[in-house]
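Undergrad: My questions will all concern the structure given below.
The values are calculated or read from the model by the stated rules, or taken from the named source; none is laboratory data. Please read these numbers as outputs of a predicted model, since none were measured by experiment. Please note: Cβ atoms are built from the backbone with ideal geometry, for glycine as well, and neighbour counts cover all protein chains shown.
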Amino acid sequence: MEENNKNDLDNGLAQLLAKQTWTKEEKQWLLDFLENTDSGELQMLLRQQFELREQNLENTLPYDPAGILQQIHEKAGIPLSHERSLVVRFWRQGVAAASVILGFALLGYFVFIKRAPQQFAHIRKAAKESKKEDIGPGTNKAMLLLDNGANVILDDARNGILAREGNVNIVKSGEKLDYQSLHAKSDKIAYNTIVTPRGGQYQVELSDGTKVWLNAASSIRFPASFPAKERVVEISGEVYFEVAALMKAGTKDKVPFIVKINTTPGDGGEVKVLGTHFDIMAYPEEPEVRTTLLEGSVVYNNNGNSQKLLPGQQSAYSSAGGIKVREDIKTDDIISWKNGSFHFEGCDLEVVLRQLSRWYDADVVFKRKIDDKFYADIPMNTMLSDALKALELTGLVHFTIENGKIIVH
């Protein structure tokens, strides 16, 4: 009996996706299907379509993943929302043969949001009863540690002046912190630290105009007001910088900006810049300290060895391998986290899950080893279950969320 029901669901969904237009009853059936079943049936159908398209790849037009979602939304009579789309690419023998768009999981909301609530009460009730454990995405949150030892929870603080350090006012404006110079003399150097937890990000503009973005589980320590000769900050985790060019008074020389990288072994090195955009990733659980340059030039130094970087290059340091330079880096992919999305391009599952773990504050437990590569674009405002479902649609892995942990099956 269960096998017959499963075949009916498979056939029903396949027939529905093949139709040019949908009736109101068919839209309701799709919502019922999506809300009350897991991704298994949909995953199998998508894999079957993938196989068929791969077999006939030479006789078909190029496969357009965005087009699939566009067609679904057109049939449903709703506008396409790119912010709600999760894209996972299937790769076989080095060829991108198909893409899956997880707009299906969110389709019901867009299709039926304007319908009378009583029409779908039984569907919502069933979905609520069957809802599994889930974890929401991270948010903009951080803690500010002042020079006197006091701390401020930034996500709870009101907008306005939070404190004064020397000749600088510390001002919260929305989800950003600004260090605003009062242009008054101060002999004391007051150090502040901003720390983001797992599941948090934050942005700060330093007193010299340098803009800083902190990813989850990261920190930056810096003078509230920089001395005249040089600007030195210390970071951990992942931090993106847009360094403001600053001239020494009465000269044509620029004030150098130095980033000291703190790692557990204590050998993170430092990056020296003048005015530039770059990203540093130095999590203790990652195998390398990576510096990626977007604009300008920087010099990465470690244990007496140095390497100058040009835009599009990345230095990767490990205690075993020293400094390596990688060329033609897709810099937009490196800083996709700053722009609100995960981008995975041929990544091991361990790499993917380390990023998800930090953003969703969820530990990972592997029940088996997965050797496949993963390609995906996932908005960071996605619930964890939907992010994992996007990876499951490759047919290579299965996840559960148990007691706040990601279990890999």
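Undergrad: Take the stretch 141-188 and flag every residue that is among the aliphatic types (A, V, I, L, M), more than 26 Å from A217 (Cβ to Cβ) and surrounded by 13 or more Cβ atoms within 10 Å (Cβ to Cβ).
TA: V168, L182
Undergrad: Here's another thing I want to ask about it. Kindly evaluate G166 against the criterion of being in contact with a Lys or Arg (Cβ under 7 Å, 6 or more places away or on another chain), in the same structural domain as N215 (by TED's automatic domain parsing) and at pLDDT 95 or above. Spell out the reasoning first.
TA: Working: in contact with a Lys or Arg (Cβ under 7 Å, 6 or more places away or on another chain): yes; in the same structural domain as N215 (by TED's automatic domain parsing): yes; at pLDDT 95 or above: no.
Criteria not met by G166.
Undergrad: Within the stretch 395-409, count every residue that is assigned to a loop (DSSP other than H, G, I, E, B) and not small (G, A, S).
TA: Residues of the stretch 395-409 that are assigned to a loop (DSSP other than H, G, I, E, B), as a first pass: 395-398, 403-404, 409.
In the following step, the residues that additionally are not small (G, A, S) were identified as 396-398, 403, 409.
Of the residues in the stretch 395-409, 5 are assigned to a loop (DSSP other than H, G, I, E, B) and not small (G, A, S).
Undergrad: In the stretch 310-336, how many are assigned to a strand (DSSP E or B) and closer than 15 Å to Y240 by Cβ? Before you say what the answer is, go through the steps one by one.
TA: Pass one, the stretch 310-336, residues assigned to a strand (DSSP E or B): 314-318, 322-326.
Restricting the remaining residues to those that are closer than 15 Å to Y240 by Cβ gives 314.
Qualifying residue count, the stretch 310-336: 1.
Undergrad: So which of V364, V351, V298 is in contact with a helix residue (DSSP H, G or I) (Cβ under 7 Å, 6 or more places away or on another chain) and either within 20 Å of N215 (Cβ to Cβ) or at pLDDT 95 or above (or both)?
TA: Checking each option against the conditions leaves just V364.
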